Structures are given as structure tokens and as C-alpha cells.
Amino acid sequence: MNITKDLLAKITDSEVLSQCRHLLEQPQPDDGKVYCPKVFDYVSCWNYTLANTTAIGGCPRSHPQGLIFSPLGRSHRRCMDDGSWFINPYINQSWTNYITCADLSEYENLQSINYVYESGYIFSFVLLSIALIVFTCFRQLHCTRVTIHKNLFLSYILYGLLWLLFSFLVTPEVAMENSIWCISLWILKEYFQMCNYAWLFAEGFYLHSIIVLTFTNQQKLLLVSLCIGWVFPILPMSIYAILNASSKEPVGRVQCWVGDVGYNKLMWILHSTCIVSLAVNLVILINVMRIVIVKIRAVNTGETTQLRKTLRACLILVPLLGVQQLLFPIQHDHIVYRVTVAVVTSYQGACVALLLCFFNREVIKCFKKKISQLKYINEGRRSSLLTLGTSIGGLIRRGSRQISIYTRRTSVSRDRKTSEHVTENVTPTQREVAQSLLNTTEMKESQTIESLVSAGESQPLTSIGARRESIRSADSNRGRCNLPSISEA
């Protein structure tokens, strides 16, 4: 872009403005040689440069990557043989090499800050996702207030996810190509950021409505909050996209539209909307705290108790309304300041999830109730298993008694056959004596078995088994050992 008086009115960097004013007064050389014209590359001004040479300039902080520029660095701009500036094939326009301006130590600091952002957004994404699931699963928590909290969590999740995708996918080479998908991803990321600020304002609006207004319609409040959170950000985002796409200055259309208000004034359309929402939330916070203090003083409590309750209310409302971001209104180059801003910005979602969900008394009460229900169900299952085991044990005992009776009867039958075999070759008188003794044994055995069967249910299993063994041993000795011999008969 040619250096003109109208151009000087748009330059905000004082050093660049002084340089451009000086170059504006420089006449064009008339020595007959070929020169490249003096231009403004949207960062700094360049004087007439002889063809086939390289112009050397400074490293202004107004550059989009000026945070990592070294004050001792130098930028370069190549003038071609035909008197035209070098055309970068990626962006299809003249290009200045600011890569040599980068400071390696500052680049490492920027990488460290970027790691803080990444860790914060990932941690917040995990906690917010769990909190959103908890609010959805417990029916006791379904109400207008929790629905607004869920939408706030969703805006944090979507913005953090888009920020991570943009950080991982858009490399400097991709940003240089300035492709459509890269621009669309940036626009979507900025939209969800504005939705996040809009839902912070919706939280303040709902809180102020239920405290200040006596009678409020919850459904209307929810509908208004939904319009504020998801519909309203479309308006400033659309205005910015249309104006930036139709602007004569391409400074806002390079590097996937990533810009800053320092060199792209149209960014104020987005930033001013976020600042206004935070400012209104600050007013709401002050008014709510005034009402809380008045109500606390109405109760007969000590000053220490009042102070503790007030501080606790402040602790919960500050991250909920996003007021802490007003503490960092400007950009600063100090590493501690930048790291603090990164922590406050990226971990805000995690802080909100902890305060509104994991440390919430209602949520803790629901978890305790669910754990009690699970314990009750497990105890019921355990008692059912014990009942089943008792029934199986009874069946096994009955089966053991039947087997014992069957075994005893088999033993008696075997003894009788043995006696018959022994008495086959004896005299009739011996056989009659043996038969009378065997009949007496069988009669006693039958009486013993009947008594066992009748008293089996009331006696323990161990005593019955021992008695059966003793009877079996005694009867066996009677049937076998006490049988008269052939000589005695």
C-alpha cells in the first residue's frame, strides 16, 4: 500500500508513525535507475529501494507476532530486478520477512505460556464434561438454574475444544496459506468465545432477576437466557465477518483472520461486546453483594460470621460471572503477568465446575443418596444368596439321610446273604438256630431305622451320622462275630 496522509491516520504505533511521516516527505530518486516504490506493509513503512537489492528495517511490536520479536532484530524486504517487490506465492502479495526478528528466548516463553493454556483447557474440558453428565443424570437437579449452568458448561467445553483444535491444526505454514477451513475454524472459535461471555452475562441476569424481582416466570427467564447465550453472539460476529471480508485493508484477512485490536480495529466489535458483558456483571455482583450484606445484618450474628459468609458469596460469584478477567484489561510483556493471565483464562471452566457441581451441597447429597441405594441393593442380593445357600444345604442334608438309609439296608441284605452262604452245609438244627438269630437281628435293625427316620428332622446331622455308624458297627458284630459256630450248634 502506498504511503499517503490518509494512511498515517490509521497507524497506531508511534515509532512506525514517525518513520512513515519521514518517508512520506522523501522524493523519488531521478538518477535513471530502477527502484521499488515506497510502501506500507501494514506493519512498517519502506522507502524507495534499488532494484535487485534487499531493504533492511526494524521489528515493530505492532506485528501480530511482535511478542516474540527482539529489539535487536532486523526485518528484510526484497526488491526484484524489474522494480517490483517480492511476491509471496502463498498469499499472492508482496511480503516482508519478519522471521529474523524472532527472539529464541521469547519464543520459549511463548511456548511455555501456550502449554499452560493447553493444560488448562484440557483439565477444564474433563471436569466440565463430568459435571455436565452429573447434572443430566440426576433428576433431582433438573431446574431452571441448573439448566443455565449446563449451558454455561457447554459454552466452556465448545470454546476450549475449538481453541485446542485451532492450536494443534493451524501451524504457521497453514496460517500463511489462509485457507477457507482455517478461517471458518477461527470464526467458529470466536463465536463460542462470545457465547461463553454471553452465558456469563446470562448467569448474572438470572441471579439478579431472582434476587431483586419478587415474582419471576422461570420459563421466560430460561427462554431469555437461551436467546442471550446462543442467538445474540451471532449479531456482532456476523457484522465483524462482513466488514472484515469487504474491507479494503487486507490486514485482517491474513493468517486465518487471526488478529488483534492493535492493528485491526474491527476486532473491537468482538472485544467491546465481551467487555460490556463483564462490566454489567460487575455491577450485578456489587448489587447482589449489597443485598446479601443487608440480609446478613438482619440476622443476629457476629461480625466474623458476617464476613465469612460475605467472602464465601464473593468466592462463588466472581468466577461464575467472570469478573476476575477485568483485573487484566491490558496486555503486558512480563512473563509472570502473561502466565497469570493464561492460568486465570484457561482454568476458569475448571473452577466453575468445582464450585457449581463438585462442591455443591445438593450434588453431594444426591451422590450420598445414590450410594445408599446401591448399598441397599447389594445387601438384598447378599441376603438372597444366603437364603439360596440355606435351601441348598437343606436339600443336601435330606439327600445324605436317604443315602445313609439306603446304604444301611444294603448292608443288612449283604449280611443275610452271607449268613445263608455259611449255613448251606450245616445240619438242619444248626440252620434253625442261625435263622432265629438272623431274624432277631433284622427286627432290631428295622426298629432302629424307623426311629432314625422319624427323629431325623429334629437331630443335628453330625449326631445322626455318628449314631448310624455306631449302630452299623454293633449290628455287624452281632450278625457276623456272634453267629454260633458249627461245633457249638
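If we scan region 344-358, do we find a residue that is more than 22 Å from LEU154 (Cα to Cα) and either assigned to a helix (DSSP H, G or I) or among the small types (Gly, Ala, Ser) (or both)? No, region 344-358 contains no residue that is more than 22 Å from LEU154 (Cα to Cα) and either assigned to a helix (DSSP H, G or I) or among the small types (Gly, Ala, Ser) (or both). For THR305, state whether it is open to solvent by less than 90 Å² (accessible area, probe 1.4 Å) and either in contact with a Pro (Cβ under 9 Å, 6 or more places away or on another chain) or modelled with pLDDT under 85 (or both). In short, yes.
Please verify whether region 373-386 includes one or more residues that are closer than 26 Å to PHE135 by Cβ, surrounded by fewer than 15 Cβ atoms within 10 Å (Cβ to Cβ), modelled with pLDDT under 85 and among the polar types (S, T, N, Q). Looking for residues that are closer than 26 Å to PHE135 by Cβ, surrounded by fewer than 15 Cβ atoms within 10 Å (Cβ to Cβ), modelled with pLDDT under 85 and among the polar types (S, T, N, Q), one finds at least one in region 373-386, hence yes. Residue selection: THR96 fails the criterion of being of a type in the set (Val, Ile, Thr) and open to solvent by 50 Å² or more (accessible area, probe 1.4 Å). Scanning region 55-83 for residues that are open to solvent by 50 Å² or more (accessible area, probe 1.4 Å), over 27 Å from SER105 (Cα atoms) and assigned to a strand (DSSP E or B) turns up just one, ARG78.
The values are calculated or read from the model by the stated rules, or taken from the named source; none is laboratory data. Not measured: the values here are computed from a predicted model. Cβ coordinates were reconstructed from backbone atoms using ideal geometry, including for glycine residues, and neighbour counts include every protein chain displayed. What goes into the accessible areas is simple: the full protein's heavy atoms, side chains included, and nothing from ligands, DNA or RNA. Shrake-Rupley method; radii C 1.70, N 1.55, O 1.52, S 1.80 Å.
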